[in-house]
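Coordinate-derived values only; no laboratory data. Just so we're clear, the structure is a prediction, and the values are computed from it rather than from any experiment. So basically every Cβ, Gly included, is an ideal-geometry build from the backbone, and we count neighbours across all protein chains shown.
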Amino acid sequence: MTMTNPEAPKPASVWEVLPLGRSAWRICERVRAESDVSRLVAYIDSTATGSLDVLWLRSPCPTRTRYRNLDEVLADLDAAIIAPAPAPAPAPPHAVRPGASNG
């Protein structure tokens, strides 16, 4: 795969990779309507060194922003969407000062 001509995602993919020129792409969610602004997931730019810089536009999204190839970007995006959200941390117990009453 070359940086200027990425392979299309697999047919079952929910992601659509659209070229924005020779070294830039956008990722959209295929199942959303063209008029739905939440359809846009990320912008990708190829750097001078050949790596890909990703600007994520919605959550959940991967924490990485630099990738070697488009396959890595899509795999990370799939993992971020499929992974369950972390459970919120439990609230700290109420501190009681020595000598203070609880009631």
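Restricting attention to region 28-55, report how many residues are without any contact (Cβ under 8 Å) to a residue 40 or more places away in the chain and more than 13 Å from W15 (Cβ to Cβ). Before the answer, list the steps.
In the first step, residues of region 28-55 are kept if they are without any contact (Cβ under 8 Å) to a residue 40 or more places away in the chain; the result is 28-45, 47-49, 51, 53-55.
Now drop any that are not more than 13 Å from W15 (Cβ to Cβ), which leaves 33-38, 43, 45, 47-49, 51, 53, 55.
Qualifying residue count for the region: 14.
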In region 45-65, the residues that are more than 17 Å from D78 (Cβ to Cβ) and assigned to a loop (DSSP other than H, G, I, E, B): T47, A48, T49, G50, S51
Complete set of residues in region 20-44 that are surrounded by 13 or more Cβ atoms within 10 Å (Cβ to Cβ) and either part of a strand (DSSP E or B) or within 16 Å of the chain's Cα centre (by Cα) (or both): A24, W25, R26, I27, C28, E29, R39, L40, V41, A42, Y43, I44
Cross-chain or 6+ apart pairs with Cβ under 8 Å, region 65-84 first and over 13 Å from G50 (Cβ atoms), then β-branched (V, I, T) and surrounded by 12 or more Cβ atoms within 10 Å (Cβ to Cβ): T65/V54; V73/I27; V73/I44; V73/V54; L74/V17; L74/I27; L77/I27; L77/V41
